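First the structure, in the form of structure tokens, and then the observations on it.
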Amino acid sequence: MNSNELREIFLKFFESRGHKILPSASLVPENDPSVLFTTAGMQSLISYFLGEQHHLGDKLVNIQKCIRTDDIEEIGDESHLTFFEMLGYWSLGGYWKKEAIQYTFDFYTKEIGIDSRELAITCFQGDEKNGIVRDTESAEIWKSLGISKERIAFLDYADNFWGPSGIEGPCGPDTEIFVWTGEGESPKIYNNKDKRWVEIGNDVFMEYNKKSDGTFEPLKQKNVDFGAGFERVLAYVNGKNNVFETDLFLPIINKIEKIFGKKYVCHSELSGEESSYCTEFRIIADHIKAAVFAINDNILPSNKDAGYVVRRLIRRAVVKAKQLGIEKEFIKEIAMEVFKVYSGVYKFDEEMIISELQKEEEKFRQTLEKGLKIFESQKENLNGKIAFDLYQTYGFPWEMTVELAQQENIKIDKNEFEAEFKKHQDLSRTASAGMFKGGLQSGGEMETKYHTATHLLLASLRKVLGGDINQKGSNITAERLRFDFNYPEKLTPEQIQKVEDLVNETIKQDLSVEMQEMSLEEAKKSGAIGVFENKYSDKVKVYSVGEVSCEICGGPHAKSTGELGHFKIVKEESSSAGVRRIKAILE
């Protein structure tokens, strides 16, 4: 079974059972500053777990692209990936445990042919203190489907309870599904300490809301949230012992073989150990694939936040290639193979992605050799100060220096590195404090103001460039706004000045910012601007600024335009083919 066949089977199975297909969300989390990337399909559905009505109904299914970096040091083993896809289905207050577990069981055993005798199950053991009962209900349902009681284990919070993404929010116990990957027949009794049992999915029963004080209260509705790693399931049903031997990776690894002139050998019969080529090839394939998908969603390499992660992935791949003796540029060729692997599944802005990858690779190669020489000459005395110099001068992420040091059995004091980093930040803040009248303001207050400024910017762009201008991406920090919009050519200095002037004229008028909740249809009729493609619930918030702007938005806003200060465009550039980017500040 290839990857496209598995996609089709999964989506059709749940669609035939009344679930509506939800397109994959962007890797940039919407209105969730607590995380850098989308890490699961449920991330964009939090408000619907709390009771909002989804415009597609209460039964949904999708395949969500995700990026996780928590386990980046594990990349190269059999199952960990930076970029991966998540199979997901949801009930938003509709069906409950019996139906969900039956769906999960039927999908695995009847649709993709997993032998039920190879399954094991875990359930939540309960928490008497917080009034959360032992999940015997799920266990009994599994037993009714033929799973023996010896294959069912009850575990605690660490294993079988999904908490909220932040301090508070929807959460609940889960039941997890494991398959036997060891040689021979699976043991009659499940042992959760035996790593040969591998998780292939879980049903989370979101029935609680965790409050900020740590206590739980029942949600208005009971929700089901199923998730399974696509690559992991694909590998298992094809009898592979690792995710890198599926059609999602082998073509990429074969391309690396050709470029590097080295064979991908993952096991030495003589030593019984994995070869270093195996790990390096897997890391390079994983990291370039993740960078391709991130850049495609306009997460560009930088020294901040998600952009820093993308930069780290690209640079780590270059260092791994360097350690294999590869001096030539190679990332473009690997990226082209990634496009082929996902052809027909995702659309890529190939020209923009290749341009960004090559810029980053060329930039890092200019300092890589010098940085490695410094590392070699200083490794006997390596400390946090030298690690910071490698970061500041030669672009070596802290994690990369640590990894190089570990290969030499050298430890670096992270506190010393962070002290140097903080010292540098303090100097930078002092130098830039004059940017804002009256000194720096709080991040929350400024982000709030930038949300409103973004609405005024779009309205002004539509006046200057035409009414078909729409938002293609947005990123707001406490220091600036970044706004992407459709336009085929570079703006002239006159156009930029006109846009800036229009925004500042609206600010001077001190117009009030009004918010109304209304149905999606009412919002459309009112003329509110929004991307009406599987994004909004039936009830939306519409923010209006006089006759200037009317937009659907979920973010915080200023009370009036007079609060914003002076709007200044500091940069206008290309974001991708047919998309321009403006960066602006409030002074």
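A short reminder: the numbers here are calculations on the coordinates, not readings from a lab. Owing to the predicted nature of the structure, the values given are computational and were not obtained by experimental measurement. Note that we place each Cβ from the backbone using ideal geometry, even for glycine, and neighbour counts take in every protein chain shown.
Conditions (1) surrounded by fewer than 24 Cβ atoms within 10 Å (Cβ to Cβ); (2) in contact with a helix residue (DSSP H, G or I) (Cβ under 6 Å, 6 or more places away or on another chain); (3) part of a helix (DSSP H, G or I); (4) among the acidic types (Asp, Glu), marked per residue:
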{"residue": "Ala285", "(1), (2), (3), (4)": "no, yes, yes, no"}
{"residue": "Ala290", "(1), (2), (3), (4)": "no, yes, yes, no"}
{"residue": "Leu300", "(1), (2), (3), (4)": "yes, yes, no, no"}
{"residue": "Ala306", "(1), (2), (3), (4)": "yes, no, yes, no"}
{"residue": "Leu313", "(1), (2), (3), (4)": "no, yes, yes, no"}
{"residue": "Lys322", "(1), (2), (3), (4)": "yes, no, yes, no"}
{"residue": "Lys328", "(1), (2), (3), (4)": "yes, no, no, no"}
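Do you know which residues across the range 213-245 are outside any helix (DSSP H, G or I) and hydroxyl-bearing (Ser, Thr, Tyr)? Listed by number, the list holds a single entry, Thr215. In the range 72-90, the condition of being of a type in the set (A, V, I, L, M, F, W, C), closer than 21 Å to Glu8 by Cα and over 28 Å from the mean Cα position of the chain (by Cα) is met by no residue. Applying the set (1) surrounded by 19 or more Cβ atoms within 10 Å (Cβ to Cβ); (2) part of a loop (DSSP other than H, G, I, E, B) to Trp90 leaves exactly one unmet item: (2).
Residues that are touching a strand residue (DSSP E or B) at 6+ places or on another chain (Cβ under 6 Å) and surrounded by fewer than 21 Cβ atoms within 10 Å (Cβ to Cβ) within the range 163-175 comprise Gly163, Pro164, Glu168, listed in sequence order. The set of residues in the range 76-107 being touching a Leu at 6+ places or on another chain (Cβ under 7 Å) and farther than 30 Å from Gln221 by Cα consists of Thr82 alone. For the criterion of being small (Gly, Ala, Ser) and under 17 Å from the mean Cα position of the chain (by Cα), Ser47 fails. When the range 1-32 is filtered for residues that are under 29 Å from Val310 (Cβ atoms), touching an Asp or Glu at 6+ places or on another chain (Cβ under 9 Å) and either of a type in the set (Phe, Trp, Tyr) or buried (at least 17 other Cβ atoms within 10 Å of the Cβ) (or both), the ones remaining, listed by number, are Ser3, Phe10, Ser24, Leu27, Val28.
Any residue at all in the range 39-49 that's touching a helix residue (DSSP H, G or I) at 6+ places or on another chain (Cβ under 9 Å), of a type outside the set (S, T, N, Q), surrounded by 16 or more Cβ atoms within 10 Å (Cβ to Cβ) and farther than 30 Å from Trp398 by Cα? Looking for residues that are touching a helix residue (DSSP H, G or I) at 6+ places or on another chain (Cβ under 9 Å), of a type outside the set (S, T, N, Q), surrounded by 16 or more Cβ atoms within 10 Å (Cβ to Cβ) and farther than 30 Å from Trp398 by Cα, one finds at least one in the range 39-49, hence yes.
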